[in-house]
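Please read through the structure below; I'll follow up with questions.
A short reminder: the numbers here are calculations on the coordinates, not readings from a lab. Quick caveat: nothing in here was measured; it's all calculated off a predicted structure. Because the Cβ atoms are built from the backbone with ideal geometry, glycine has one as well, and the counts that use them run over all protein chains shown.
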Amino acid sequence: MVKDTYRFQPFTQEPIRLMGEKGEWLGDFPLDLDEDSLKRLYRDMLAARMLDERYTILIRTGKTSFIAPAAGHEAAQVAIAHALRRGFDWLFPYYRDHGLALALGLPLRELFGQMLATRADPNKGRQMPEHPGSRALNLFTVASPIASHVPPAAGAAISMKLLRTGQVAVCTFGEGATSEGDWYAGINFAAVQGAPAVFICENNLYAISVDYSRQTHSPTIADKAHAFGIPGYLVDGMDVLASYYVVKGAIERARLGEGPSLVELRVYRYGPHSSADDDSRYRPKEEVEAWKKRDPIPRFRGFLEAQGLWNAEWEEDLKEEIRSELEQGLKEAEEAGPIPPEWMLDDVLAEKPWHLQRQEALLKEEL
Ligand SMILES: Cc1ncc(C[n+]2csc(CCOP(=O)(O)OP(=O)(O)O)c2C)c(N)n1
């Protein structure tokens with residue numbers, strides 16, 4: 001059988017697709033995903049969408065202070081989580097990746113704990129919302145400065161190579177990140193060192209209000225891989241199977257010692273950039289509506305239905321199950337209680353120096 005690694009051509013003019021708009025299979029190879037894996041992909045996409053909707057309610061009810069909507073990114077994010085070895089490989093995500101974190105296995109209690117800054121957040125509420133991380137899952141804590149996680153991902157990949165751990169570092173970002181110096185430095189370093197890394201752009205065509213044509217003159221983000229001498233794959237990121245197989249191939253290629261790849265997953269964000277943005281000021285409603293017609297969830301539903309793996313009753317049960325998991329996770333996160341202010345002085349340095357001890361005493365007096 002042809003290995004995933006060599007199945008796809010890099011630098012195609014058109015995005016790689018494996019499903020038509022109604023979910024019809026377009027691949028020229030036999031699908032090697034079993035029924036459970038296919039159904040799991042669908043469930044994770046549905047859960048990502050429902051989590052996103054729940055986040056909107058959190059912001060509207062004032063329970064959190066910031067969200068970065070990810071509806072439209074589900075196929076790309078869920079595909080990545082399924083393509084890597086969960087808890088073994090490392091993931092360096094960006095702030096829009098809550099669907100990816102969930103599909104990777106981050107407990108809802110922790111995700112909501114992070115969004116609400118309660119004791120359920122393993123990072124003790126020290127990051128703004130949408131910045132989770134997990135030691136247990138090798139999930140590098142999201143960093144706000146765009147592309148600042150790319151050099152650390154390259155560094156981790158280089159250490160994996162030197163230590164022969166067999167792991168791969170997977171790093172995600174938006175197309176806005178590709179205009180940052182850190183992005184070039186990181187990928188270049190990984191490429192020179194032949195490190196096991198996969199760099200994935202969730203290209204949703206806008207960096208807040210800056211559209212693609214003002215971001216770069218490259219026809220595709222994948223084309224930028226030429227500069228590093230690595231393969232660049234352009235993929236329909238609203239096609240979960242294409243996203244899965246291409247990312248998996250790039251991960252296997254990295255694991256075999258053949259160095260990094262750049263994967264561009266073309267997606268669209270249906271919502272505003274964040275809860276602090278009004279997208280109606282820079283893009284027409286018709287454009288958003290046109291992209292929604294290509295929604296990754298009904299498209300994959302069409303695929304499953306054609307395989308006899310979907311029916312309305314199963315979907316209803318799934319939704320009910322996910323809804324109750326979301327409510328349970330949120331309840332546990334809230335019940336954990338708020339982070340005590342004095343925690344902010346813990347873990348800053350291995351030992352608390354005199355000035356932090358003094359500040360701690362002052363804070364206690366104040367409280
Ligand atoms: C170094 C840096 N500059 C600017 C910002 C402000 N900022 C936050 S998100 C964002 C847009 C990034 O867009 P993109 O990388 O395309 O990802 P998307 O949000 O579209 O998913 C900007 C400019 C930042 N966080 N860091």
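So which residues in the stretch 171-195 are within 23 Å of LYS292 (Cβ to Cβ) and more than 8 Å from the ligand (Cβ to nearest atom)?
The one that is within 23 Å of LYS292 (Cβ to Cβ) and more than 8 Å from the ligand (Cβ to nearest atom): THR172.
So ALA71 ticks every box in (1) within 16 Å of the ligand (Cβ to nearest atom); (2) among the small types (Gly, Ala, Ser); (3) closer than 22 Å to ASN123 by Cβ but one. Which box is left unticked?
The one condition ALA71 does not meet is (3).
Same structure, new question: Do we have ARG40 as out of contact with any helix residue (DSSP H, G or I) (no Cβ under 7 Å at 6 or more places or on another chain), in contact (Cβ under 8 Å) with a residue 12 or more places away in the chain and crowded, with 22+ Cβ neighbours inside 10 Å here?
Taking the combined requirement at face value, the residue does not satisfy it.
Which one is farthest from the ligand (Cβ to nearest atom) among residues in the stretch 143-170 that are more than 17 Å from LEU84 (Cβ to Cβ) and part of a loop (DSSP other than H, G, I, E, B)?
ARG164
How many residues does the stretch 350-367 hold that are surrounded by 10 or more Cβ atoms within 10 Å (Cβ to Cβ) and of a type in the set (Phe, Trp, Tyr)?
Here the count works out to 0.
Under 7 Å between Cβ atoms, at least 6 apart or on separate chains: pull out the pairs that start in the stretch 7-34 with a residue that is without any contact (Cβ under 8 Å) to a residue 12 or more places away in the chain and end on any residue that is not in a loop (DSSP other than H, G, I, E, B).
If the second residue must be not in a loop (DSSP other than H, G, I, E, B), the pairs left are LEU26/MET19.
How many residues, within the stretch 38-52, are of a type in the set (D, E, K, R) and under 15 Å from ARG96 (Cβ atoms)?
Final tally of qualifying residues: 2.
Restricting attention to the stretch 196-211, which residues are over 23 Å from ALA83 (Cβ atoms), in contact with a Gly (Cβ under 9 Å, 6 or more places away or on another chain) and more than 7 Å from the ligand (Cβ to nearest atom)?
VAL210
So which residues in the stretch 301-314 are part of a helix (DSSP H, G or I) and either crowded, with 17+ Cβ neighbours inside 10 Å or touching a strand residue (DSSP E or B) at 6+ places or on another chain (Cβ under 9 Å) (or both), if there are any at all? Let's see the steps before the verdict.
Restricting attention to the stretch 301-314, the residues satisfying the condition of being part of a helix (DSSP H, G or I) are 301-306, 312-314.
Result: ARG301, GLY302, PHE303, LEU304, ALA306.
Same structure, new question: Mind checking which residues of the stretch 140-169 are small (Gly, Ala, Ser), within 15 Å of PHE88 (Cβ to Cβ) and either over 14 Å from the mean Cα position of the chain (by Cα) or surrounded by fewer than 17 Cβ atoms within 10 Å (Cβ to Cβ) (or both)?
ALA156, ALA157, SER159, GLY166, listed by residue number.
Just one of the numbered conditions (1) aliphatic (A, V, I, L, M); (2) surrounded by 19 or more Cβ atoms within 10 Å (Cβ to Cβ); (3) touching a residue at least 60 places away in the same chain (Cβ under 8 Å); (4) in a loop (DSSP other than H, G, I, E, B) is not true of LEU137; which one?
Condition (3) is where LEU137 drops out.
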